[in-house]
Amino acid sequence: MSLSGNLTLQRPGFSLRASFDFPGRGTTVLLGPSGSGKTTLLRCLAGLEPAALGRLSMNGVVWQSDDPPVFVPVHARQLGVVFQEGRLFPHLNVEGNLRYGWRRRIQPVQGAAYEGAVEMLNLGTLLQRSVQKLSGGERQRVAIGRALLAAPRLLLLDEPLSAIDRAHRDEILPYLVRLRRVLDIPMVYVTHSLEEAVCLADHIALFDSGEIASQGVLSATLSRLDLPFPFQDDLSVVIETTVIRWDADYALACLQIGDHILRVPASTKPAAERVRVRVCAKDVSIAIDPHTQDSILNKFPACVIELADAHHPAQVVLALDVAGIRFVARITRLSCATLQLSPGKMVWIQVKSAALLI
Ligand SMILES: Nc1ncnc2c1ncn2[C@@H]1O[C@H](COP(=O)(O)OP(=O)(O)OP(=O)(O)O)[C@@H](O)[C@H]1O
């Protein structure tokens with residue numbers, strides 16, 4: 001199963017040239033700076049850009065081709081689409097908006113799907129509310145519910161959180177993470193927020209000036225030492241792991257990393273919960289001897305796998321193996337020379353900080 005294509009679209013001052021092969025399952029995030037072409041590609045996937053040239057197919061079904069000419073119209077692509085500002089029907093209440101999606105369902109679904117979506121998005125207490133009296137986060141939850149209830153074969157989300165303030169974004173992100181875990185509908189999600197991307201993506205496509213500069217599985221892509229220029233500061237690994245315990249005395253979550261424990265600040269986290277943690281290259285340092293007294297909690301034995309020049313001439317980037325898990329580090333060229341680092345060398349990595357995601 002896959003969503004693959006090779007599309008071009010010319011606009012005054014901008015051209016999209018996108019070659020891609022996204023999995024037909026899970027969430028693919030299109031990430032990139034403003035104006036890099038993410039929404040344009042999403043619109044091409046939806047069939048909203050008839051001027052685009054090239055080919056596009058979903059699970060082997062051709063949606064677009066130049067020769068022979070094929071262009072499957074938007075309504076026949078069996079999509080759910082959620083835009084930045086939700087686009088709810090103002091004359092209908094929350095239930096009316098949800099029922100609209102339900103009536104338009106594309107394929108047969110279980111009778112309990114309506115109640116399931118209401119429960120999953122926590123909309124039960126809002127059903128009779130006018131959509132004009134909803135917060136931005138609530139509005140987007142209704143928009144997502146309405147799109148889901150149409151039982152689409154592919155869900156397209158165009159920066160659904162960008163028009164929402166930080167507090168409401170933090171409120172709605174867990175619902176999106178839940179959708180990703182529970183639903184079997186492939187999603188393509190556009191954002192310029194790396195934080196949203198690392199919470200939601202299984203697969204990621206990095207956009208730069210109308211092209212996909214890199215694409216692949218989330219952590220493997222973000223931890224490439226040859227990340228394209230606008231993304232080099234994002235060099236990191238995203239590890240999906242389990243909380244072993246939460247240390248209430250010090251407000252630290254203890255996470256399983258191979259045979260090791262990574263301690264990460266967290267206000268509370270139940271044991272056994274699955275979490276994602278992001279470790280940035282800039283927060284990892286390297287030592288030959290781990291027995292120095294310092295404040296760093298997380299020290300693991302590691303083997304250097306790969307070394308490369310960083311964008312800044314004073315720095316290098318390294319990939320390291322810790323119990324079968326890839327980490328990345330950015331250090332100075334001088335430190336690299338002083339420690340005589342090269343592939344195969346055994347060292348210790350010191351993780352200065354790590355961000356616990358959802
Ligand atoms: N309808 C349009 N007509 C002409 N140019 C457009 C149109 N829509 C977008 N553009 C231009 O196409 C380029 C790509 O825009 P696009 O919206 O795809 O970028 P984006 O990466 O999604 O950005 P953002 O994160 O700001 O939404 C930009 O230069 C934009 O100004």
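The values are calculated or read from the model by the stated rules, or taken from the named source; none is laboratory data. This structure is a prediction, so every number in the text was calculated from the model and none was measured. Every residue, glycine among them, receives a Cβ derived from its backbone with ideal geometry; neighbour counts consider all protein chains shown.
A few remarks follow.
- When 217, 243 are checked against the criterion of being within 21 Å of residue 181 (Cα to Cα) and in contact with a His (Cβ under 7 Å, 6 or more places away or on another chain), 217 stands alone in meeting it.
- Residue count for region 319-347 under the criterion of being among the hydrophobic types (A, V, I, L, M, F, W, C), closer than 20 Å to residue 226 by Cα and free of Cβ contacts under 8 Å to residues at least 60 places away in the same chain: the result is 5.
- Criterion (within 21 Å of residue 233 (Cβ to Cβ) and either modelled with pLDDT of 90 or more or surrounded by fewer than 19 Cβ atoms within 10 Å (Cβ to Cβ) (or both)) met by exactly one of 127, 155, 218: 218
- Enumeration of residues in region 67-83 that are aromatic (Phe, Trp, Tyr) and within 19 Å of residue 191 (Cα to Cα): 83
- Residue match in region 31-41 (condition: surrounded by 13 or more Cβ atoms within 10 Å (Cβ to Cβ), touching a Cys at 6+ places or on another chain (Cβ under 7 Å) and farther than 14 Å from residue 188 by Cβ): no
- Residues located in region 275-309, provided they are farther than 26 Å from residue 245 by Cβ and surrounded by 20 or more Cβ atoms within 10 Å (Cβ to Cβ): 281, 304
- In the set (1) touching a helix residue (DSSP H, G or I) at 6+ places or on another chain (Cβ under 7 Å); (2) touching a residue at least 40 places away in the same chain (Cβ under 8 Å); (3) buried (at least 19 other Cβ atoms within 10 Å of the Cβ); (4) within 26 Å of residue 43 (Cα to Cα), the condition left unmet by residue 94 is number (4).
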